[in-house]
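The values are calculated or read from the model by the stated rules, or taken from the named source; none is laboratory data. Quantities reported herein were computed from a predicted structural model and do not represent experimental measurements. Ideal geometry is used to build each Cβ from the backbone, glycine not excepted, and the neighbour counts take in all protein chains shown. These area figures cover heavy atoms from the full protein model, side chains too; ligands, DNA and RNA do not enter into them. Shrake-Rupley method; radii C 1.70, N 1.55, O 1.52, S 1.80 Å.
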Amino acid sequence: MAEKGSTAKRHRQSLRRRMRNRMAVSEVRTSVKNFIGAVGAKNKEEAEKAFRLVVKKIDTAAGKGIFHRNTVARKKSRLAKMLNRLT
């Protein structure tokens, strides 16, 4: 464990940030899973709604620095392809 006060504080901050980042990544994964389920069920309206939610969550995470912008672009592109194949 940290010996100095400043290092202890940095450690506490890193733990809080880690939990916040993990929650955001988990939200993205869950929403992607829901989207893929809607696509698998061939439910176009639900899939479009889920796609909008996924894109919002991914963009929010990217804005907070959790995902790199190229990663975000790749994920959104792949999900959009899945949605377009449904139509």
Looking only at helices (runs of 4 or more DSSP H) that lie completely in the chain, which have at least 3 residues being touching a residue at least 40 places away in the same chain (Cβ under 8 Å)? 5-40, 69-86
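If only one of Met23, Met82 is among the aliphatic types (A, V, I, L, M) and open to solvent by 90 Å² or more (accessible area, probe 1.4 Å), which one is it?
Working: Met82 fails: open to solvent by 90 Å² or more (accessible area, probe 1.4 Å).
Answer to the selection: Met23.
Rundown of residues vs (1) under 30 Å from Ser14 (Cβ atoms); (2) at pLDDT 95 or above; (3) open to solvent by less than 40 Å² (accessible area, probe 1.4 Å); (4) not β-branched (Val, Ile, Thr), yes/no style:
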{"site": "Glu27", "(1), (2), (3), (4)": "yes, yes, no, yes"}
{"site": "Val39", "(1), (2), (3), (4)": "no, yes, yes, no"}
{"site": "Val55", "(1), (2), (3), (4)": "yes, yes, yes, no"}
{"site": "Thr60", "(1), (2), (3), (4)": "yes, yes, no, no"}
{"site": "Asn70", "(1), (2), (3), (4)": "yes, yes, no, yes"}
{"site": "Ser77", "(1), (2), (3), (4)": "no, yes, no, yes"}
